[in-house]
Amino acid sequence: MIERSLILIKPDGVERGIIGEILSRFEKAGLKIAGMRLVHIDEKFAKKHYKAHIDKPFYKGLEKMITEGPVVAMVLEGLHAVEIIRKIVGPTEPRTAPPGTIRGDYAHHSYEYTDKKGIAVKNLIHASGTKKEADEEIKLWFSESDLFDYETVHERHVF
Ligand code: AMP
């Protein structure tokens, strides 16, 4: 049941200076940071990360958005981490993301607007959608030596 998931704070989150606020939500939920780094990816790497979206009409805008500045890449660990993190992050479109979720509280972009402008929806975060996706994405972004095992105080209360 203990899982790891890949999270990216995308360039909009980094440039808006809310890395700390986003990170604190995951920390407060008791998730453990197993790995973390700031990285500016290029188009080639973007195609690997977003391979599932390459043929979508919004891919060009998505690639431009994810390569326009550095992202914070991290691996978070915890019980049902993939599902719990998606719950904290909220649904893809900030317009309809409920209050209390990161996307609902810190953004308000809509598909209606991004479709018109031909850009990707700015929603601050990427979070792996499934355990399989998480395993693949963690391998793409991190080497084993960049991931750490250590004890947090949460383990006393969770496990
Ligand atoms: P996902 O892998 O579901 O996180 O999708 C990748 C990213 O593409 C999302 O986080 C959005 O930034 C963007 N995106 C997804 N669907 C759309 C869409 N219909 N229109 C514009 N951008 C989108």
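The values are calculated or read from the model by the stated rules, or taken from the named source; none is laboratory data. Quick caveat, the model's predicted, so the values are computed rather than measured. Here Cβ is always computed from backbone atoms with ideal geometry, including for glycine, and neighbour counts include all displayed protein chains. Protein only, heavy atoms only, side chains kept; ligands, DNA and RNA dropped before computing areas. Shrake-Rupley method; radii C 1.70, N 1.55, O 1.52, S 1.80 Å.
If you take the Cα atoms of the chain, find Rg, then find the Kirkwood Rh from the mean of 1/r over all pairs, what is Rg/Rh? Rg/Rh for the chain comes to 0.96. A cut-off under 13 angstrom between Cβ atoms defines the neighbours of D149, and their net charge, with Lys, Arg +1 and Asp, Glu -1, is -3. In order along region 71-80, the Karplus-derived 3J(HN,Hα) couplings, from 6.51 cos²θ - 1.76 cosθ + 1.60 at θ = phi - 60°, round to 10, 8, 9, 8, 10, 10, 10, x, 5, 6 Hz, and Gly and Pro are given as x.
Working from Cα pairs under 8 Å separated by at least six residues, relative contact order for region 78-129 is 35 percent.
Fully extending the segment from F45 to K116, taken as 0.36 nm per residue of separation minus the present Cα-Cα distance, adds 22.9 nm.
Split the chain at each of the GluC sites (Glu not before Pro) in a DSSP loop with at most 15 other beta carbon atoms within 10 Å, and the longest piece is 69-150.
Per residue, the accessible area of the chain comes to 57 Å², computed with a 1.4 Å probe over protein heavy atoms only. Residue by residue, region 138-150 carries 3J(HN,Hα) couplings of 4, 5, 5, 9, 9, 8, 4, 6, 8, 10, 10, 10, 7 Hz when phi is fed to the Karplus relation 6.51 cos²θ - 1.76 cosθ + 1.60 (θ = phi - 60°); x denotes Gly or Pro.
Multiplying the residue separation of R37 and V153 by 0.36 nm and removing their Cα-Cα distance gives an extension gain of 39.5 nm.
Under a model in which nothing but the beta-carbon of Lys, Arg (+1) and Asp, Glu (-1) is charged, the chain shows a dipole of about 440 debye around its Cα centre. The distance linking region 88-159 with region 20-50 is 8 Å (Cα centroid to Cα centroid, whole angstrom). Relative contact order of the chain, taken over Cα pairs closer than 8 Å and 6 or more residues apart, is 34 percent.
For region 1-76, chymotrypsin sites (Phe, Trp or Tyr not before Pro) are listed when DSSP marks them as loop and at most 14 other Cβ atoms sit within 10 Å of their Cβ; the list is empty. For region 51-108, applying the loop criterion from DSSP together with a ceiling of 14 other beta carbons within 10 Å to the trypsin sites (Lys or Arg not before Pro) yields no site. For region 85-101, backbone phi angles converted through the Karplus equation (6.51, -1.76, 1.60; θ = phi - 60°) give residue-by-residue couplings of 5, 4, 5, 5, 6, x, x, 4, 8, x, 3, 9, 5, x, x, x, 8 Hz, Gly and Pro being listed as x.
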